[in-house]
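The values are calculated or read from the model by the stated rules, or taken from the named source; none is laboratory data. A quick note: this is a predicted structure, and the numbers were derived from the prediction, not measured. Every residue, glycine among them, receives a Cβ derived from its backbone with ideal geometry; neighbour counts consider all protein chains shown.
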């Protein structure tokens with residue numbers, strides 16, 4: 001594969017593992033060979049890697065399939081999803097879900113990525129709206145500060161929110177970074 005083809009969102013295979021490109025920057029240093037500085041995310045472990053890619057590296061475009069699935073519920077055995085077209089149910093354990101569990105909402109639609117007939121990863125919607133279940137109270141005038149406070153959302157995850165956010169407020173969260181975006 002040509003290194004100039006690396007774009008954010010592209011799925012690549014490297015050393016037998018499946019990755020998605022988070023960012024790619026083409027660098028041309030004067031009289032030397034050009035290269036691409038890429039940040040890639042392992043779809044199984046969620047680990048971010050920085051790679052310097054020169055022409056001739058062994059990146060390959062894998063044979064993958066994406067399918068929309070609806071998240072149904074979580075119980076002691078794991079997470080249950082349903083294909084909305086065939087109504088087949090798929091089960092994933094905690095290891096397969098990874099950090100995605102922090103932003104999974106019941107009845108939400110997620111994309112499953114299949115590689116060689118097996119689930120290789122899942123992609124949540126880019127933004128989710130969740131309610132705050134626990135945080136320190138906000139005070140009048142706490143609107144212009146750049147600092148934040150920890151808050152627990154309805155899935156039990158803890159994120160940093162502005163000081164004016166209170167229990168019961170609905171907020172919008174970026175699922176890629178886990179950051180607060182705005183109050184809804």
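Pull up segment 112-121, narrow it to residues that are surrounded by fewer than 17 Cβ atoms within 10 Å (Cβ to Cβ) and assigned to a strand (DSSP E or B), then point me to the one that is modelled with the lowest pLDDT. Lay out the reasoning, then the answer.
Applying the first criterion (surrounded by fewer than 17 Cβ atoms within 10 Å (Cβ to Cβ)) to segment 112-121 yields 114, 116-118.
Then keep just the ones that are assigned to a strand (DSSP E or B); that gives 114, 118.
Numbers: 114: 85, 118: 81.
The selected residue is 118.
Taking residue 88, is it within 21 Å of residue 120 (Cβ to Cβ) and either in the same structural domain as residue 118 (by TED's automatic domain parsing) or within 24 Å of the chain's Cα centre (by Cα) (or both)?
Answer is yes for this residue.
What is the residue count in segment 79-98 for residues that are in a strand (DSSP E or B) and surrounded by 14 or more Cβ atoms within 10 Å (Cβ to Cβ)?
So the answer is 7.
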### Message
Would you confirm, using the coordinates I've provided, whether residue 131 is part of a strand (DSSP E or B) and surrounded by fewer than 16 Cβ atoms within 10 Å (Cβ to Cβ)?
### Response
yes
### Query
Restricting the search to segment 122-174, which residues are at pLDDT below 85 and under 28 Å from residue 82 (Cβ atoms)?
122, 123
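Quick one: is residue 4 under 25 Å from residue 97 (Cα atoms) and either modelled with pLDDT under 85 or more than 19 Å from the chain's Cα centre (by Cα) (or both)? Can you show your working first?
Working: under 25 Å from residue 97 (Cα atoms): no; either modelled with pLDDT under 85 or more than 19 Å from the chain's Cα centre (by Cα) (or both): yes.
Against the criterion (under 25 Å from residue 97 (Cα atoms) and either modelled with pLDDT under 85 or more than 19 Å from the chain's Cα centre (by Cα) (or both)), residue 4 does not qualify.
Just give me the residues in segment 167-177 being loosely packed, with under 15 Cβ neighbours inside 10 Å, outside any strand (DSSP E or B) and in contact with a strand residue (DSSP E or B) (Cβ under 7 Å, 6 or more places away or on another chain), in sequence order.
From segment 167-177, those loosely packed, with under 15 Cβ neighbours inside 10 Å are 167-168, 170, 172, 174, 176-177; that's our starting set.
The next check asks that each one be outside any strand (DSSP E or B); those that pass are 167-168, 176-177.
Listed by number, the residues that qualify are 167, 168.
Taking the options 116, 107, 84, name whichever one is in contact (Cβ under 8 Å) with a residue 12 or more places away in the chain and touching a strand residue (DSSP E or B) at 6+ places or on another chain (Cβ under 6 Å).
Numbers: 116 fails: touching a strand residue (DSSP E or B) at 6+ places or on another chain (Cβ under 6 Å); 107 fails: touching a strand residue (DSSP E or B) at 6+ places or on another chain (Cβ under 6 Å).
The conditions single out 84.
Tell me, please, whether a residue that is out of contact with any helix residue (DSSP H, G or I) (no Cβ under 7 Å at 6 or more places or on another chain), farther than 30 Å from residue 4 by Cα and modelled with pLDDT of 85 or more can be found in segment 60-69. Steps first, answer last, please.
Filtering segment 60-69 for residues out of contact with any helix residue (DSSP H, G or I) (no Cβ under 7 Å at 6 or more places or on another chain) gives 60-69.
Of the ones still in play, those that are also farther than 30 Å from residue 4 by Cα are 69.
Filter once more, so that each one left must be modelled with pLDDT of 85 or more: 69.
Taking every residue of segment 60-69 in turn, at least one turns out to be out of contact with any helix residue (DSSP H, G or I) (no Cβ under 7 Å at 6 or more places or on another chain), farther than 30 Å from residue 4 by Cα and modelled with pLDDT of 85 or more.
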### Message
I'd like to know if segment 102-111 contains one or more residues that are under 14 Å from the mean Cα position of the chain (by Cα), part of a strand (DSSP E or B) and either crowded, with 16+ Cβ neighbours inside 10 Å or at positive phi (or both).
### Response
yes
### Summary
The residue from 75, 102, 94 that alone is without any contact (Cβ under 8 Å) to a residue 12 or more places away in the chain, outside the structural domain of residue 178 (by TED's automatic domain parsing) and out of contact with any strand residue (DSSP E or B) (no Cβ under 6 Å at 6 or more places or on another chain) is 75
